[in-house]
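> Have a look at this one.
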Amino acid sequence: MDFKLVAPDVNRLFGSFDHFTNPEKPGRALMVALDPLFKAMADLAPHEKNDEAKGIWIIVPRGSISDWSSYEDAQEYDDVETEGEYEQLWLDEYPDENEWYYVSISENNPDSRLKFRGLSITGRREHNLIINADLNDGIREETWYREEPAIELCKLILPAVEKSMGMLREGSYNDYVSNHLPYPFRTGVIRRSVVYAHEPEWI
């Protein structure tokens, strides 16, 4: 299957990683696919509370309705009877033109005794540790688990990571995230007076 940089394909690849959490010695192809992501984010400042981890928001378009599902598949699997219901179901699944994902990478400091690389991605539906690579004994030519979904995902999100890093370097990233990041991803405190002003029935 050919994957595109659209939210349905990113979310499809997510489905392969429910059990992929224990540190494993990675295969050569996975490390080759992971390298460009680490290089793209190399000059990103680490998290304040963890100097071995860093992350950035990326934006992925939802794509067209056909990127999500075909009308025939929707009829078969989703109890859709009309094209109107098909379109509405798509809009229910992807109400916004873009989906946001937080891409986080981690790597031991150079002087650490342990060596590993990690990649996790948080989305509106998913929070998955995609790669937890134990590098203490190098890499191996073949692994017992399928690495292809992780390899595809690394390649797929790289342009979106590079775009966000470009925005960060030109100085537009922080303002864009501040103004457009969906509220389910935001954290903080809202004064009661603000809540009551918008929702007076809560008083």
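The values are calculated or read from the model by the stated rules, or taken from the named source; none is laboratory data. Bear in mind the structure is a predicted one, so any value in this text is a computation, not a measurement. All Cβ positions, even for glycine, are placed from backbone atoms using ideal geometry, and neighbour counts span all protein chains on display.
> Does residue 69 satisfy the condition of being within 26 Å of residue 2 (Cβ to Cβ), touching a His at 6+ places or on another chain (Cβ under 8 Å), surrounded by 11 or more Cβ atoms within 10 Å (Cβ to Cβ) and not aromatic (Phe, Trp, Tyr)?
no
> Take the stretch 157-203 and flag every residue that is over 15 Å from residue 57 (Cα atoms) and assigned to a helix (DSSP H, G or I).
170, 192, 193, 194, 195, 196, 197, 198, 200, 201, 202
> Could you check residue 77 against (1) at pLDDT below 85; (2) more than 20 Å from the chain's Cα centre (by Cα) and say which number it fails?
Result: residue 77 passes all but (1).
> In the stretch 105-134, which residues are within 25 Å of residue 184 (Cβ to Cβ) and in contact with an Asp or Glu (Cβ under 6 Å, 6 or more places away or on another chain)?
Matches in the stretch 105-134: 106 only.
> Identify, by number, the condition in (1) more than 15 Å from the chain's Cα centre (by Cα); (2) at pLDDT 90 or above; (3) of a type in the set (A, V, I, L, M) that residue 10 doesn't meet.
In the conditions (1) more than 15 Å from the chain's Cα centre (by Cα); (2) at pLDDT 90 or above; (3) of a type in the set (A, V, I, L, M), residue 10 misses (1) alone.
> Failed condition for residue 95, given (1) under 18 Å from the mean Cα position of the chain (by Cα); (2) within 15 Å of residue 41 (Cα to Cα), with all others met?
(2)
> A follow-up question, please. Examine the stretch 37-50 for a residue that is touching a Cys at 6+ places or on another chain (Cβ under 9 Å) and among the small types (Gly, Ala, Ser), and state whether such a residue exists.
no
> If a residue counts only when it is aromatic (Phe, Trp, Tyr), which helices (runs of 4 or more DSSP H) contained entirely in the stretch 1-102 have at least 2 such residues?
Where helices (runs of 4 or more DSSP H) fall fully within the stretch 1-102 and carry at least 2 residues being aromatic (Phe, Trp, Tyr), they are 71-77, 83-93.
> For the list (1) in a helix (DSSP H, G or I); (2) modelled with pLDDT under 90, I need the number of the one condition that residue 111 fails.
It fails just one condition, (1).
> State which residue is surrounded by the most Cβ atoms within 10 Å (Cβ to Cβ) when the search covers only the stretch 147-156 and only residues that are assigned to a helix (DSSP H, G or I) and of a type in the set (Asp, Glu).
Filtering first and then ranking leaves 152.
> Test residue 117 against the criterion of being in a loop (DSSP other than H, G, I, E, B) and either among the basic types (Lys, Arg) or buried (at least 16 other Cβ atoms within 10 Å of the Cβ) (or both), and give yes or no.
no
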